Structure formats: structure tokens, C-alpha cells
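The values are calculated or read from the model by the stated rules, or taken from the named source; none is laboratory data. Predicted model, so just to flag it, every value in this text is computed and none were measured. We place every Cβ from the backbone using ideal geometry, glycine too, and count neighbours over all the protein chains shown. Just the protein is used for accessible areas: all its heavy atoms, side chains included, with ligands, DNA and RNA removed. Shrake-Rupley method; radii C 1.70, N 1.55, O 1.52, S 1.80 Å.
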Amino acid sequence: MLFACDLDQTLIYSRHSMGEIDEDELIPVEKYEGADLSFMTRSALDLLRQVGDRLYFVPTTTRIVEQYDRIHGLSERFRCRFAIVSNGGRVLVDGKPDGEWDAFIREEIRMKSASRAEAKERFDRLADPAWIVKDRLCDDLFYSIVVHRDAIPAGWMEELASGLDERGWSCSLQGRKIYLVPNPVNKGAAVAYVKELAGAREVFAAGDSLLDESMLLIADEAMAPAHGELFRKYGGRHGLIRFARRSGIRASEDILQALAGRLEMRRAL
């Protein structure tokens, strides 16, 4: 089995996103500029250890490589043969970029999506500079734009999405960031590629955002926390995606317990 799991607000949590929890239940898993930035619960780490040697654990994140490498709590505890970063734009095999995937993605973008400049121009034309903090081109693939979320007018994201869709791009609002992503750069395609590389028979996937939806829909079993874009979009009800009982950092425990249960069912067959 392949376990494709989003990281931020699915498996690991900042203090802002975790909800109420006792400090002694937390394990730091990411350090940045000398401070602990992201955490898992002790229970979640124990569950991940229990299942880790019985499947391919594939961290699947919108983070670029440098941001992914900061998560010491995973790299020090688990040997992840495969990882998916840059929202599926890059596949890492034993920590190194897969050249075949890199070439494939860039050709797909060239054939199927408008240029980066055209997508960004669409955003700039609609956005109010007063609520933009900063923007960044990630891996020469997609944009990450920090905004004052509360200042974004109702319906604005839908207007942005409609204009990007006809250009072969999508957008997603997560926390304080808006992502502009060319359609070929998606987690679902990358997970399918890694599944073939690994020779895995089935996929269990978990994620909280619209950027995770493509991999959840191709999985044999898919879960999402009771928070995030997917939960808000579907109200906790979806024919193919099961939602966790809990929100915040405890949702990671629900997801890993479900994964452990699926492995036990396979063992019993």
C-alpha cells in the first residue's frame, strides 16, 4: 500500500492551526530560524511508526524542497523512499528529483497551460494591492501569494478561478496564502506516477485542501480532516472522501487510526 499524505494541517500543525491541546502531548517536527514551527501529537507519531514499515509513506506537499527538508521530525524517524513536493510538480526518489517526472511536467505545462506571466497578470488585474503582503514563484512552477485574508471580498476567489480555468490554471486559498497553479501540476498525477514506480497495489490518501482533491479522488480510500477547504466545500459529506471525526491536530490521529484499521483488514484476508 502507498500512503500519500498531505503535511500542513493534515499530518503536521502550527500552533495557529492545531486547536486546543495540552503542551505535553506535542512533539516538534519542524524548526525554522531556531523556533519550533510545526508539531504532531505523540499518538499520531506512534501510529505512523506502527504502520510505517508496512507500506510506502509518501509525504505529499505543496512545499518546495527547501521547506520540506525543514521537517526533521519525519526525516529523522522515517525512511521515505518517495516524496512529492511542489504540489506534485516534483517527485523525490531517495531524496533526489526524478528527472523523468521533471521533464514530463514541464512539457505538460507547455502544452496545456497559459504562461506564468498570463496567469499572474489575471491575478494582478483583479487583486487589490492593499491586501497583498508578498508573492513568490515556487520552483518556476506556481505562485504562492500571502494576503490579508479578511480583506478579500466575498466571491472574489470564484471570479479569479473562472478566469484562470480557461487558461489552464487553478487557484486555492489556504490560510493566508493564495496559490495559482497550472493544471498539470497536481498531486493526483504525481501520486499515480509514484504508485507505478513503487509497484503499489492501492493508495490511501489524506489531505485537507482543494489542492489535495486530485489525489483523494484517485485513491482507493481517501480521508480529510473536519476542517479546511474540502470540509467547507462539501460540509463533511462526500461520496468518495471520508471526513475525520475531529478537527485540528486530533484529525491526524483519526486518519492514522483509519489507515491502521485498513491494514489490519488486509492482514486478516
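If you filter the range 35-85 for trypsin sites (Lys or Arg not before Pro), then keep DSSP loop positions with at most 11 other Cβ within 10 Å, what is left? Mind dumping the intermediate values first?
Values: sites: R42, R49, R54, R63, R70, R77, R79, R81; in loops: R54, R63, R70, R77, R79, R81.
Those satisfying the criteria are R79.
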Between E202 and residues 5 or more places away or on another chain, which pairs have amide H atoms under 5 Å apart, with H built 1.01 Å from N, and which residues are they?
L2
Specify the angular offset, from 0 to 90 degrees and rounded to the nearest 10, of the alpha carbon long axis of helix 42-52 from the longest principal axis of the alpha carbons in the chain.
80 degrees
Take the chain, connect every pair of alpha-carbon atoms lying under 10 Å apart with a spring to form a Gaussian network, then pick out the residue of G88, G155, G228 with the largest mean-square fluctuation.
G155
Which entries in K31/K233; K31/K177; K31/K120; K134/K195; K96/K134 show an alpha-carbon gap greater than 27 Å?
K31/K233; K31/K120; K134/K195; K96/K134
Have a look at L240, L259, L45 and tell me which one the Gaussian network model of the chain (Cα, springs below 10 Å) gives the largest fluctuation.
L240
In the range 9-62, the GluC sites (Glu not before Pro) that fall in loop regions by DSSP, at most 11 other Cβ within 10 Å
E20, E33
First compute the accessible area of the chain with a 1.4 Å probe, then give the percent of it belonging to carbon and sulfur atoms.
47 percent
Per the Kirkwood formula on distinct C-alpha pairs, the Rh of the range 45-86 is how many angstrom?
10.8 Å
Take the chain, connect every pair of alpha-carbon atoms lying under 10 Å apart with a spring to form a Gaussian network, then pick out the residue of A224, A205, A154 with the largest mean-square fluctuation.
A154
Solvent-accessible heavy-atom area per residue, rounded to whole Å², over the chain at 1.4 Å
47 Å²
Karplus-derived 3J(HN,Hα), 6.51/-1.76/1.60, for each residue of the range 98-115, Hz, glycine and proline x
7, x, 5, 5, 4, 5, 4, 5, 5, 6, 4, 4, 4, 7, 10, 10, 5, 5
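I'd like to know how the chain sits against the 2.2 N^0.38 Å rule of thumb: what's its Cα Rg over that expected value? Kindly include the intermediate steps, with their values, before the conclusion.
Working: Rg = 18.1 Å, N = 269, 2.2 N^0.38 = 18.4 Å.
Scaled against compact globular proteins, the figure is 0.98.
Taking Cα pairs under 8 Å and at least six residues apart, what relative contact order does the chain come out at, in percent? Mind showing how you got there, number by number?
Details: 490 pairs, mean separation 55.8, N = 269.
RCO, the chain: 21 percent.
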With angles folded into 0 to 90 degrees, how steeply does helix 250-268 sit against the dominant principal axis of the chain? Use alpha carbons for both and round to 10.
50 degrees
Tilt of helix 116-126 relative to the longest C-alpha principal axis of the chain, in degrees (0 to 90, nearest 10)?
70 degrees
